[in-house]
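Below: the structure, in structure tokens.
The values are calculated or read from the model by the stated rules, or taken from the named source; none is laboratory data. Model, not experiment: these values are computed from the prediction. Counting neighbours? That spans all protein chains shown, and the Cβs are built from the backbone with ideal geometry, glycine included. Surface accessibility is based on the protein's heavy atoms, side chains included, excluding ligands, DNA and RNA. Shrake-Rupley method; radii C 1.70, N 1.55, O 1.52, S 1.80 Å.
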Amino acid sequence: MKKQPQVSDIDLRLIRVYIAVVECGGFTAAEVKLSKSKSAISMDMSELEGRLGITLCRRGRSGFSVTHLGHEVYNAAKRLLRNLEGFRHTVSALQESPEGTLHIYLSDNTVFDPRSRLPQILEEFIVRAPNASFAINGATSKLVAQAVLADDADVGFAVIGADNPSLECRALYSEELFLYCAKNHPLFDAPAEKITLDSLYEHSFIKIEVLNDDRLKELIEPCDFTASADQLDARAALILTGKYLGFLPSHLASFWLARGDLRALLPEFMFMENTFYSVIKKGQQENPLVKIFKQCIDESFAHRRS
């Protein structure tokens, strides 16, 4: 019977390098993420392939590609690291102060809305789990949910368009969005009485990524959606060109409103409300860091509502 290989600390280090290379799409793209040179990454990959006895990827003039067995190893490596993290969480739960890394994904610009209370929640978590660390990423709401489902994130903050039976989504607060144009748009200086729904329909719009308001869906049905932008920064940039009309959260638009760069159009009609949720995958309740973070969220918003 063939002896099974043991996984050493060196193997774990090389496996983490391999995961980064696959997720970045090559050695060159992984240099920044790993803070290593391309030649050092190449040496690590050669060593890992030698240890495993498997060709994981091909690199050369034709570009970078992962072999069939390489994909299998990648998936197994992801499972291995998740299991290691789960072991750490289990041991952590037995300690007075849990350790480990809490992985958080945020919808972009969440921190700019004071209603999110995110800095206060993070601060309280640090007090309660001083030996823990954070890994925080920004993404669209759709990608936040996907990251939680894929176990790439322990907790997410996002606008969720539909219920998912695998996710525990808890409503936290709401944000208002209005329709804006920039000062170099034809409607910016138009008299209020001249701005009607019909006049709006004559201009190009930016597609709304998450829309749960049936009233607004009907109003914008005739609109000409000629651009899309998943992230709010990109959407704001498009609006500021003066070529598009688009919806932005009021807390984000306030910066450009104060400078006179934006104008809200028909705010009594063209508005919507998004609810923000904390997003946790069901089954994560035993993770001690997630437990503490959920407590911090609950207490922060309970205090705000009282």
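For the reader, a short list of remarks on this structure follows.
- Within the span defined as the stretch 87-103, every residue fails to be farther than 30 Å from Ala302 by Cβ, at pLDDT below 90 and surrounded by 14 or more Cβ atoms within 10 Å (Cβ to Cβ).
- Flag if Leu118 is out of contact with any Leu (no Cβ under 9 Å at 6 or more places or on another chain), closer than 26 Å to Phe255 by Cβ, open to solvent by less than 80 Å² (accessible area, probe 1.4 Å) and at pLDDT 85 or above: no
- Taking the numbered list (1) of a type outside the set (Ser, Thr, Tyr); (2) part of a strand (DSSP E or B); (3) open to solvent by 60 Å² or more (accessible area, probe 1.4 Å) in turn, Glu168 passes all entries but (3).
- Residue that is modelled with the lowest pLDDT, among those in the stretch 1-46 that are among the charged types (D, E, K, R) and over 22 Å from Leu84 (Cα atoms): Lys2
- Positions within the stretch 121-160 being assigned to a helix (DSSP H, G or I), more than 23 Å from His251 (Cα to Cα) and more than 16 Å from the chain's Cα centre (by Cα), in sequence order: Glu124, Phe125, Ile126, Val127, Arg128
- Flag if Asp163 is at pLDDT 90 or above, among the charged types (D, E, K, R) and open to solvent by 10 Å² or more (accessible area, probe 1.4 Å): no
- Ala147 meets all of the listed conditions (1) in contact (Cβ under 8 Å) with a residue 24 or more places away in the chain; (2) among the hydrophobic types (A, V, I, L, M, F, W, C); (3) more than 20 Å from Ala302 (Cβ to Cβ); (4) surrounded by fewer than 19 Cβ atoms within 10 Å (Cβ to Cβ) but one, namely (4).
- In the stretch 36-51, residue farthest from Leu69 (Cα to Cα) [restricted to those that are open to solvent by 60 Å² or more (accessible area, probe 1.4 Å) and touching a residue at least 24 places away in the same chain (Cβ under 8 Å)]: Glu47
Residues are listed down the side, and each one gets a yes or a no for (1) touching a residue at least 12 places away in the same chain (Cβ under 8 Å); (2) over 20 Å from Asp113 (Cα atoms):
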| position | (1), (2) |
| --- | --- |
| Leu219 | yes, yes |
| Leu232 | yes, no |
| Ala236 | yes, no |
| Thr241 | yes, yes |
| Leu248 | yes, no |
| Ala258 | no, no |
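- Which listed residue, of Arg58, Arg51, is among the basic types (Lys, Arg) and touching a strand residue (DSSP E or B) at 6+ places or on another chain (Cβ under 8 Å): Arg58
- Within the option set Leu52, Leu34, Leu69, being among the hydrophobic types (A, V, I, L, M, F, W, C), more than 30 Å from Glu286 (Cα to Cα) and within 29 Å of the chain's Cα centre (by Cα) holds for one residue only, Leu34.
- The one condition from (1) out of contact with any strand residue (DSSP E or B) (no Cβ under 7 Å at 6 or more places or on another chain); (2) open to solvent by less than 40 Å² (accessible area, probe 1.4 Å); (3) of a type in the set (A, V, I, L, M, F, W, C); (4) closer than 30 Å to Leu80 by Cβ that Ala190 does not meet is (4).
- Residues in the stretch 256-295 that are in contact with a His (Cβ under 8 Å, 6 or more places away or on another chain) and open to solvent by less than 40 Å² (accessible area, probe 1.4 Å): Asn287, Pro288, Leu289.
- Residue-level check: of (1) open to solvent by 90 Å² or more (accessible area, probe 1.4 Å); (2) free of Cβ contacts under 8 Å to residues at least 60 places away in the same chain; (3) touching a helix residue (DSSP H, G or I) at 6+ places or on another chain (Cβ under 7 Å), Val111 misses just (1).
- Filtering the stretch 211-240 to residues that are of a type in the set (Val, Ile, Thr) and crowded, with 16+ Cβ neighbours inside 10 Å leaves Ile220, Ile239.
- Residues of the stretch 241-255 satisfying the condition of being open to solvent by less than 30 Å² (accessible area, probe 1.4 Å) and aromatic (Phe, Trp, Tyr): Phe247
- Answer residue from the stretch 193-205, given it is part of a helix (DSSP H, G or I) and open to solvent by 30 Å² or more (accessible area, probe 1.4 Å) and is nearest to Glu268 (Cα to Cα) among those: Leu197
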